[in-house]
Amino acid sequence: MTQTKPTLPPSMPANLHPIVVARLGPSTWNEAATLDRRALQIESNLYEAGEARGHRVECGRLVIKGEAITFGVYEANHRTSERLTRKDEGYRKDIVQWRQVWSPSGRLILVIRVRDWGGERRWSERPGKLLESQVDRFTLRLERLVEEKAANEARCDAYQREVEIAQRHTARRVFKEQERRRRPAVVRALAAQWEEAARLRAFLDTLESRNSPLPSAMSQWLGAARDDLQALDPLSPAGLSALQFHVDAVAPGPEDDAPRHPDEHYWFDEGAMNELADEMFAHVRLPTKAKMGSR
């Protein structure tokens, strides 16, 4: 939205953007050096160019497709090298020593920053190619930077999704390898549970036969006890269903022979695969110690 320009002091140029005018007083402009006035004018031109391209402008920022780009126009420093003399601190006569000296250059630079994308970028003016003449080109370059960042983020997101899928395939393979090693212990545990369930069921049958006819309360109690055995017996419908679910989970699949992700060895070094396998398949694992009834 175009901002209404405040009344300008006579000494200010009429084409300054309202954002620049709002933070300047007449004395600031009057006392500013020529180079500072140029910097303010370039800043104003950038706001105007951004708005002309349909972008939102804020103080020191252009917002392009929701991405805030901060910028500033400053005087560039000029660097020269000077040789140390006997009068300088740290001078040594056995070696040649130099120091860097920075001084104002009389030239302007445009510095921009895009969050999380490449740090600072700088454009310096050169004789015959002042910043004022490049404002439109700078605006187009900022738009390209935003597009490049969005494309890079899309590539990163796609890669992250690819990694997550590959990690889940690797975790499934790790789980199957673990379960193949655990299988003998699982079989022993299931057999022990089955024997325990049979022993307890025989006890309940004997208890029922010695209390015939059964009182109502005893009949209800025996029924509940037999229901409890269903959770213990691996050959009960619920137990067989759990076993089939486990068998399906450890059955060979296409991920067993799929190409390995190039970063897979890092995942194992960090222990991430064992943790992910536990998270994904804890509900599928069968115990290696029998669940025994109370004695």
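The values are calculated or read from the model by the stated rules, or taken from the named source; none is laboratory data. These numbers were taken from a predicted model, which means no experiment stands behind them. Note that each Cβ is placed from the backbone with ideal geometry, even for glycine, and that neighbours are counted across all protein chains shown. Heavy atoms of the whole protein, side chains included, go into the accessibility calculation; ligands, DNA and RNA do not. Shrake-Rupley method; radii C 1.70, N 1.55, O 1.52, S 1.80 Å.
A few points about this structure:
- The HN-Hα couplings worked out from phi for the range 267-282 by the Karplus form 6.51 cos²θ - 1.76 cosθ + 1.60 (θ = phi - 60°) are 5, 6, 4, 7, x, 5, 5, 5, 5, 5, 4, 5, 5, 7, 10, 4 Hz, whole numbers, x standing for Gly and Pro.
- Residue 14 paired with residue 280, simple spin-label distance in nm, labels 7 Å along Cα-to-beta-carbon: 7.0 nm
- Lys pairs under 26 Å by Cα in the chain, provided they are eight or more residues apart or on distinct chains: 4
- For the listed peptides 166-173, 105-112, a ranking on the average number of other beta carbons within 10 Å per residue, highest first, reads 166-173, 105-112.
- Sulfur and carbon atoms: percent of accessible area, the range 53-103 [1.4 Å]: 46 percent
- In range of the label at residue 243: residues from the range 191-212 whose backbone nitrogen is under 15 Å from the point 7 Å along Cα→Cβ: 191-198
- Taking all protein chains into account, the per residue accessible area for the range 106-233 stands at 62 Å² (1.4 Å probe).
- Each residue of the range 78-168 gets 193 Å³ once the volume of the Cα convex hull is shared out per residue.
- Charge context of residue 257, other residues only, Cβ under 15 angstrom, K/R +1, D/E -1: 0
- Residues of the range 137-168 with amide N under 16 Å of a point placed 7 Å along Cα→Cβ from residue 263: 152-168
- In this simple spin-label model, placing a label point 7 Å from the Cα along the Cα-to-Cβ direction at both residue 168 and residue 75 gives a separation of 6.0 nm.
- Furthest towards positive pole of dipole, 243, 69, 21, structure part the chain, Cβ charges: 21
- Kirkwood radius for the range 134-267, taken over all pairs of different Cα atoms as the inverse mean of 1/r, rounds to 20.7 Å.
- Three-way shape label, the chain, alpha-carbon gyration tensor, a/c 1.5: prolate
- Cα centre as origin, Lys/Arg/Asp/Glu Cβ charges: the range 212-294 dipole, Debye: 800 debye
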